[in-house]
Amino acid sequence: AVPQREQWTGQVGFILAAIGSAVGLGNIWRFPGVAYESGGGAFLIPYLVALLTAGIPILFLDYAIGHRGRGSAPLALRRIAGKFGEGIGWFQVAITAVIAIYYTGVLAWAASYFVFSFNEKWGEDTTGFFVSDYLQMPTDGSVFTLDFVPGVLIPLVIMWVAVLLILGAGVVKGVQRANIIIIPLLAVTFLALVIRALFLPGALDGLTAFFTPDFSALANPGVWIAAYGQVFFSLSIAFGIMITYASYRRRKSNMTGAGLVVAFGNSSFEILAGIGVFATLGFFAFTHGTTVDQLEGLTGVGLAFMTFPAIVSEMPGGGWAGALFFGTLVLAGLTSLISILEVVIAALRDKFALSRIQAVASVGVLALLSVVLLGTTTGLIALDTIDQWSNNIGIVASAVVMSVVVIWVKGKGGELAAHLNTVSTFRVGRAWIFFTGILAPAVLAYILIARIVDLIQNGYEGYPGWYLGIAGWGIVALMLVAAIVLPLVRWRHDPDNFDAWPST
Ligand code: PHE
Ligand code: NA
């Protein structure tokens, strides 16, 4: 008998894994700063519009493709949209492979900082500590230096081993089990952190700064672009992740109901993070006799590894707050990393009929690259550039092309809507097809073009053009090559036979 494709044990396993993927660094260090800079309380309007008109509709599209196509991104998309669809799937696989290389690095840093929290090892000059002492970035302007940095290398290797072990254990015993353990733990550490922040002096001023609406921001197209970008990244859509996870659901499953739980769960997490982060920043401003709008380093790496350690040093019981914060980052990021890598593993298995263990071993190549790039003094430079291109160009392009090809070119909107409606509690219809096939791709195409033009005209962070040509455009070109070449390679199983599954 042909072995069965792996399956979640039920609705809860799937929902937890999907929330695990969605809730990540983006909720904690991206949303608060983006919202603050894009109209504060007023940002909730474009954010909700983006969520309802593009985020949730495309989340449902991912689910429908994965569940109907019952395969990894390239296989499911091939079944729905032919060879061209398969190419889109490989493009998504390439993006996740690239993201995994540096995402693991950030997790390793957070793990180091979790340990550093207990004796506040970063001292007074938190920026200097991070850049010079911890990352050991070259100060002479050199870009590629391959000196290993043991302080980064060791947690990085541990992270890779941990995540590959989880993935090697399979969908149920690895991915699902890890999420069942981590998500409740994450909820506890995160809530403890937010509640702690609310009781700090100055917290209220921070919240006021965060929520005070600037309605004039709504007239700024940049604010709407920021809202769509945040929703996309935050829901992990158009990365192939939700296609892959949906393919592990039983044939009769309530997809849209689960999707709404995941989407609103992710948003709640995000808004709570905004409250926690700004309460903390309010405290920081208060202790420095200044106001939140004077502070710098309110998002991303700067917030987590420079600003936050500085704040923690001034907090009573700060070591604990630091440990909670970095612990939360590690837990949130780990479940996202698992989902990113499962996209690659599932695709390799489907195409080349590999066992799970063989596929996990192949992913070891990514681990090696990651260790060489991020475990050395080259680290941060490659990271921000690759992140910029893969997230802002790659993902948005993938979303636009996927919707246009599936809904317009192949005309699959009705079929996919009917598929979702067979069992789901929340029914989709014309409005869904309109949002997924027309409105979302139109907005996203606009965002994409605006970004490409901006990057061509203004470069990025002052880096030299040759460097951006390699680390930015070159990476996207490689993804395109994967998208063109891999569909030409022969499938080791008949992709049209839904019963031919690789063994486990
Ligand atoms: N959705 C995650 C977040 O908000 C980020 C992510 C993107 C995770 C892509 C996996 C894949 O942080
Ligand atoms: Na998210």
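Some notes on this structure:
- Region 416-460, subset under 24 Å from Ser247 (Cα atoms) and among the hydroxyl-bearing types (Ser, Thr, Tyr), residue surrounded by the most Cβ atoms within 10 Å (Cβ to Cβ): Thr436
- Filter result for Ala273 (within 13 Å of ligand 1 (Cβ to nearest atom) and not in a loop (DSSP other than H, G, I, E, B)): yes
- Wholly enclosed helices (runs of 4 or more DSSP H) of region 431-504 bearing at least 1 residues within 17 Å of Gly71 (Cβ to Cβ): 475-485
- The helices (runs of 4 or more DSSP H) located wholly in region 326-423 that include 1 or more residues which are farther than 30 Å from Pro138 by Cα and free of Cβ contacts under 8 Å to residues at least 12 places away in the same chain occupy 356-374, 413-423.
- Among the candidates Phe264, Phe278, Phe283, residue that is closer than 26 Å to Gly40 by Cβ and within 15 Å of ligand 2 (Cβ to nearest atom): Phe264
- When Gly26, Gly20 are checked against the criterion of being at pLDDT below 95, crowded, with 23+ Cβ neighbours inside 10 Å and closer than 19 Å to Met242 by Cβ, a single residue qualifies: Gly26.
- Some residue of region 108-122 being within 15 Å of ligand 1 (Cβ to nearest atom), modelled with pLDDT under 95 and either more than 30 Å from Pro316 (Cβ to Cβ) or touching a Gly at 6+ places or on another chain (Cβ under 8 Å) (or both): no
- Candidates Thr280, Thr307, Thr290 - the one that is in a loop (DSSP other than H, G, I, E, B), β-branched (Val, Ile, Thr), closer than 25 Å to Val34 by Cβ and more than 13 Å from ligand 1 (Cβ to nearest atom): Thr290
- Flag for Gly66 being closer than 28 Å to Leu107 by Cβ, surrounded by 20 or more Cβ atoms within 10 Å (Cβ to Cβ), within 16 Å of ligand 2 (Cβ to nearest atom) and of a type in the set (Gly, Ala, Ser): no
- Whether a residue is surrounded by 24 or more Cβ atoms within 10 Å (Cβ to Cβ) and closer than 18 Å to Ile28 by Cα was assessed, and Leu329 passes this test.
- Within region 220-258, the set of residues being more than 16 Å from ligand 1 (Cβ to nearest atom), part of a helix (DSSP H, G or I) and modelled with pLDDT of 95 or more comprises Ser247, Met255, Thr256, Gly257, Ala258.
The values are calculated or read from the model by the stated rules, or taken from the named source; none is laboratory data. Source: prediction; values computed, not measured. Neighbour counts run over all protein chains shown; Cβ positions are idealised from the backbone, glycine included.
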